[in-house]
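The values are calculated or read from the model by the stated rules, or taken from the named source; none is laboratory data. A quick note: this is a predicted structure, and the numbers were derived from the prediction, not measured. Neighbour counts run over all protein chains shown; Cβ positions are idealised from the backbone, glycine included.
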Amino acid sequence: MPMSSIKILKNFLVIARHKSVAAAAREIGLTAAAAGQQLQLLENEIGLELFDRTKRSLALNNNGRSIIEPIQEIIARYESLGSNLKSELSGTIVLGALVSTLMGAFGKTLNEIKQSYPELEIKLIAGLSSNFLDQVIEGTIDAAIVTESPYALPQNVQWTELYKEPMILIYPNTPSSRKKDLRILDSHQPFIRFERNSWTGHLVDQTIKFNKLVIEEGMELNSVEAIIELVRQGLGYSIVPKLANIAWSNDRQLRIQELPGKTIFRKVGLLERKKHMRQNVTQVIKQHFLLSATKKLKL
């Protein structure tokens with residue numbers, strides 16, 4: 001198969017993930033017109049329309065969904081040509097990842113995997129856990145690093161725990177707060193909440209419930225990083241996961257507090273279809289965390 005045809009198939013997967021030719025074109029490095037022409041060429045060659053089109057977006061139809069996996073297999077087989085002569089992983093894997101996981105334990109793992117397998121291209125897509133579930137099911141991404149779902153997962157996908165982080169209380173490091181321990185909850189400072197309909201948002205609700213906290217609702221955001229920065233600026237307090245790659249004890253603008261009641265953990269894991277073409281890579285990711293956990297137990 002010509003290289004140009006492989007590129008068209010790869011670009012189709014990007015368009016399917018973005019559900020927009022214009023957005024996909026920016027990632028691919030083409031004009032929207034050129035990306036649209038490639039999609040039209042693919043549909044003409046197959047003889048089927050692959051998307052339901054509206055003025056603003058595209059949505060995969062049944063035809064499009066049915067060819068995602070065969071196209072991924074074609075690309076994976078093409079990229080694996082000659083790989084039998086190599087001792088390392090190669091090709092491309094598209095991973096969804098919460099931005100906060102890159103500031104947690106997964107960020108370090110990602111760097112180590114890249115150093116160990118220089119022929120492997122890891123393409124990261126930022127987003128929310130619930131959005132990644134749909135993309136994993138559709139096959140527009142290979143896997144995702146997400147929190148544990150509060151709901152039962154479909155039978156064709158699986159989630160493997162990689163590590164966990166305790167949920168902690170954070171509040172501004174001010175003269176008045178330094179005189180108190182957990183009295184911050186008795187003040188009238190607003191509570192900055194992680195988006196309640198998200199998977200991490202459910203953990204925040206559990207933490208509030210199990211610790212019987214009384215809060216005064218304030219802002220609601222879907223970014224742990226933004227919440228931490230707002231708390232630093234003295235705009236309120238929050239409950240967030242204790243990310244591994246943040247020097248919490250050295251942060252002069254923040255105070256952190258373990259909650260006195262039941263500790264709720266945010267479990268972070270790898271979400272993937274039970275069968276897909278990049279399982280050799282996801283297996284390496286899972287083994288890396290298993291080895292790390294084994295080393296910690298021996299210490």
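One table, with the values for the structure above:
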read-out	value
ILE46 being of a type in the set (A, V, I, L, M, F, W, C), surrounded by fewer than 20 Cβ atoms within 10 Å (Cβ to Cβ), modelled with pLDDT of 85 or more and in contact with a His (Cβ under 9 Å, 6 or more places away or on another chain)	no
Failed condition for ILE246, given (1) in a loop (DSSP other than H, G, I, E, B); (2) without any contact (Cβ under 8 Å) to a residue 40 or more places away in the chain; (3) of a type in the set (A, V, I, L, M); (4) surrounded by 15 or more Cβ atoms within 10 Å (Cβ to Cβ)	(2)
Residue pairs meeting the criteria (Cβ under 8 Å; at least 6 apart or on separate chains; first crowded, with 19+ Cβ neighbours inside 10 Å, in the range 189-207; second assigned to a helix (DSSP H, G or I) and among the β-branched types (Val, Ile, Thr))	ILE192/ILE227; ILE192/VAL231; ARG193/VAL204; PHE194/THR200; PHE194/VAL204; PHE194/VAL224; PHE194/ILE227; THR200/VAL224
For ALA22: the one exception among (1) at pLDDT 90 or above; (2) surrounded by fewer than 15 Cβ atoms within 10 Å (Cβ to Cβ)	(2)
Search result, residues across the range 18-58 that are part of a loop (DSSP other than H, G, I, E, B), over 20 Å from VAL136 (Cα atoms) and of a type in the set (Gly, Ala, Ser)	GLY29, GLY47
Check on ILE264, surrounded by 20 or more Cβ atoms within 10 Å (Cβ to Cβ), closer than 25 Å to TRP159 by Cβ and out of contact with any Asp or Glu (no Cβ under 8 Å at 6 or more places or on another chain)	yes
Subset of the range 251-299 that is in a helix (DSSP H, G or I) and closer than 21 Å to MET167 by Cβ - its residue that is modelled with the highest pLDDT	PHE289
ILE6, sole failed condition from (1) modelled with pLDDT of 90 or more; (2) surrounded by 14 or more Cβ atoms within 10 Å (Cβ to Cβ)	(1)
Residues of the range 120-158 that turn out to be touching a residue at least 60 places away in the same chain (Cβ under 8 Å), farther than 22 Å from ASP205 by Cβ and charged (D, E, K, R), as a count	2
Test: GLY234 is over 25 Å from ALA97 (Cα atoms), assigned by TED's automatic domain parsing to the domain that holds LEU203 and surrounded by 14 or more Cβ atoms within 10 Å (Cβ to Cβ)	yes
Residues of the range 276-285 satisfying the condition of being free of Cβ contacts under 8 Å to residues at least 24 places away in the same chain and out of contact with any Asp or Glu (no Cβ under 9 Å at 6 or more places or on another chain)	GLN283
Residue in the range 108-116 that is touching a His at 6+ places or on another chain (Cβ under 9 Å), assigned by TED's automatic domain parsing to the domain that holds SER5 and either buried (at least 18 other Cβ atoms within 10 Å of the Cβ) or part of a strand (DSSP E or B) (or both) present	no
Total residues in the range 208-231, condition under 17 Å from LYS262 (Cα atoms) and surrounded by fewer than 17 Cβ atoms within 10 Å (Cβ to Cβ)	5
Answer residue from the range 117-135, given it is small (Gly, Ala, Ser) and in contact with a Gly (Cβ under 9 Å, 6 or more places away or on another chain) and is surrounded by the most Cβ atoms within 10 Å (Cβ to Cβ) among those	SER129
